[in-house]
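The structure under discussion appears below in the form of structure tokens.
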Amino acid sequence: MPELTGVGVGRGTASGPVLRMAEPLGEPDQTPLQGDAADAKARVGEALAFVAADLGTRGAAAGGDAQAVLEAQALMAQDPSILDDVHAQIDSGTNPERAVFTAFKSFQDILSGMGGYMGERAADLGDVGQRIIAHLRGVNAPGVPESATPFILVARDLAPADTALLDLDKVLALITRDGGPTSHTAILARSKGITAIVGVTEAEKLGDGDVVIVDSAAGVVVTDPTAEQIADAEQKRAERLAAASAPLTPGALADGTKVPLLANLGSPKDAAAAVALGAEGVGLFRTEFLFLDAPYAPDVASQKASYVALLKEFPGKKVVVRALDAGADKPLPFLTDSGEENPALGRRGLRALRAHEQILRDQLTALAEADAETDADLWVMAPMVADVEETEYFVDLARELGIKTAGVMAEVPSLALMADQVLGVADFVSIGTNDLTQYTMAADRMLGTVASYQDPWHPAVLRLVAQLGEAGARASKGVGICGEAASDPLLAVVLVGLGATTLSMTPAALADVRAELSTHTLDEAKAMAQAAVAAPSAAAARAAAVSSVSTS
Ligand code: PEP
Ligand code: MG
């Protein structure tokens, strides 16, 4: 059966007819400016204001991660350097549409040249330019097609403004030609649980009306499917919808073994939604998200207020807060040394905090004070910890400053290899599979060109998880998972089979993972884990786990 492949980023399976997104507006011609430059500038100013306001409104309607992305786009529409460029071109006789096109294009080229996360923001900037030109022309901005019946949307790439307001009753799945695992399409598809595959280089082959199956877990688009394959895909989709409305029971395997399902959060504002989806606590609170725009280190009082707001949402529940993880994909101006050539291998995470110990002391103090005023069960951990000595440093400092439960993240292979000694010191370990995969496979997690290496199913990653799981069991200490891997339902079962005691994920994934766990016993999970660990590759590990289920 013909298949197209890409990077599966959302969840689930879907089948249906393709509808392609309209191509972008044509490039504006180079006719010289007609009329007065001041009038042309005023028209552009009005178009910029309209587009910024429109993006803001779409953001407010969408909420969550989408709102942040759309607000960032609204800021791009008002960027003074771009406006200066447009004005300069109009002054030298360029027509307004052309001036907007050229200005946005040159800034887009700069971002694309930077690659990685910034490169993927180039598409967001291009979308803003298109919207402004559409407004100047008096036509609708290019966007998602209208249809009376559900469809699978195929696009070169989706603008955040389109992804945010997708009608999920109509759009069964997304397929994009461009975009890597960190593109906004990927981020939003994950947070909304949309079935999606990005980076399908052959997406151009799909035409309106073609019936396809999208399997996001496998990263595969099946073209020309048989009736049997469609029926199978439909059944999986129906099971998934049923799971989403199933009662919010605590996470457990089929034999009753408890596996608490926790939420990954970046702001106290997202806590209520996570609880509504059945989060039993928080397995990763990314504190750096609170301070991404702060030019200076936050003081104890302002941090404490944020932590109190978070902890109050989880009385009696476990809340794992991570100390600031600055550097690489999450630079913080007051902690990050921006001159590094390879920031992912540089002074990030605990290394940066140790070099600015007062910032770490303030954060731990704020957390201990917030803990004293609330009823949650606060656990605190350090990011990017490399060895036993660093574990001792963090745990000792945390205890000195009043933290009751102190642990470390396992993201660097050297820490996993020392698991027995690390668990002799730390109260718990939480495995960050995103970074653990990046460092085990030596593949930048921000780089689309090496996305195929960034697969936590790789047996090399699973073997490290197994070492940590075994050491945790011997020491009777918790070994949680808080990377994206926990939100892949089948992999979640394998991770439990390898010894994970809790799973923490983006809240949209909780229902799928809860449903999958409930269909396997601990013995089955262990058998799946054993089969996956013995496989030679990520794809083979997945296949081995699947066939271990079907033969048991
Ligand atoms: C991880 O690395 O898996 C993790 C959870 O941390 P982050 O994604 O914030 O680096
Ligand atoms: Mg990490």
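A short reminder: the numbers here are calculations on the coordinates, not readings from a lab. As the structure is a prediction and not an experimental result, all values here were calculated from the model. Cβ: placed from backbone, ideal geometry, glycine included. Neighbour counts: every protein chain shown.
Looking only at the stretch 73-109, which residues have a backbone nitrogen under 13 Å from a spot 7 Å from the Cα of PHE50 in the C-beta direction? Residues 97 fall inside that zone. Counting only alpha carbon atoms, the long axis of helix 37-62 and the longest principal axis of the chain meet at about 30°. Backbone phi angles across the stretch 382-391, fed through the Karplus curve with coefficients 6.51, -1.76 and 1.60 (θ = phi - 60°), yield HN-Hα couplings of 9, x, 6, 9, 9, 7, 5, 4, 5, 4 Hz in residue order; Gly and Pro are listed as x. Using a Debye calculation, one point per C-alpha and no hydration shell, please list log10 I(q)/I(0) for the chain at q = 0.08 Å⁻¹ in order. Log-scaled intensity ratios, in q order: -0.55. Below 29 Å, Cα to Cα, which lysines can LYS236 reach? Residues fewer than 8 away in the same chain don't count. Within reach: LYS170, LYS192, LYS205, LYS258, LYS526. The length gained on full extension between GLN229 and TYR296, counted as 0.36 nm times the residue separation minus their Cα-Cα distance, comes to 18.5 nm.
Between THR257 and LYS105, the simple spin-label model (points 7 angstrom out along Cα→Cβ) gives 5.9 nm.
Relative to the longest principal axis of the Cα atoms of the chain, the long axis of helix 538-551 makes an angle of roughly 60 degrees. Segment ALA60..ARG463, full-extension length gain: 140.7 nm, with 0.36 nm per residue of separation and the alpha-carbon distance subtracted.
Distance in nm between label sites at ALA37 and GLU357, each 7 Å beyond Cα in the beta-carbon direction? Between ALA37 and GLU357, the label points sit 6.0 nm apart.
Charged side chains reduced to their Cβ positions (Lys and Arg at +1, Asp and Glu at -1) give the chain a dipole of some 900 debye around its Cα centre.
With the dipole of the chain worked out from charges on the C-beta (+1 for Lys and Arg, -1 for Asp and Glu) around the Cα centre, which of THR365, SER147, GLY64 lies farthest toward the positive end? Most positive-ward Cα: THR365.
Separation between the ALA543 and SER452 pseudo-spin-labels, each 7 Å from Cα along Cα→Cβ, expressed in nm? Those two pseudo-labels are separated by 1.5 nm.
About its Cα centre, the stretch 159-282 has a charge dipole of approximately 560 debye under the convention of +1 per Lys or Arg Cβ and -1 per Asp or Glu Cβ, with nothing else charged.
Counting only Cβ charges, +1 for Lys and Arg and -1 for Asp and Glu, the dipole size of the stretch 249-551 around its Cα centre is about 420 debye. With the cut-off at under 14 Å, measuring from each backbone N in the stretch 1-42 to a point 7 Å along the Cα-to-Cβ line of SER147 picks out 14-22. Hey, what angle do you get for helix 116-137 against the long axis of the chain, alpha-carbon based, 0 to 90 degrees rounded to 10? So the inclination is approximately 30 degrees. Can you give the relative contact order of the stretch 284-331 as a percent, counting alpha carbon pairs under 8 Å and 6+ residues apart? Computed value for the stretch 284-331: 72 percent relative contact order.
A simple packing score, the average count of other Cβ atoms within 10 Å per residue, orders the peptides 231-241, 353-363 as 353-363, 231-241, with the highest score first. In the chain, the calculated helix contribution to ellipticity at 222 nm averages -14500 deg cm²/dmol per residue, counting -39,500 (n - 2.57) for every DSSP H run with n ≥ 4.
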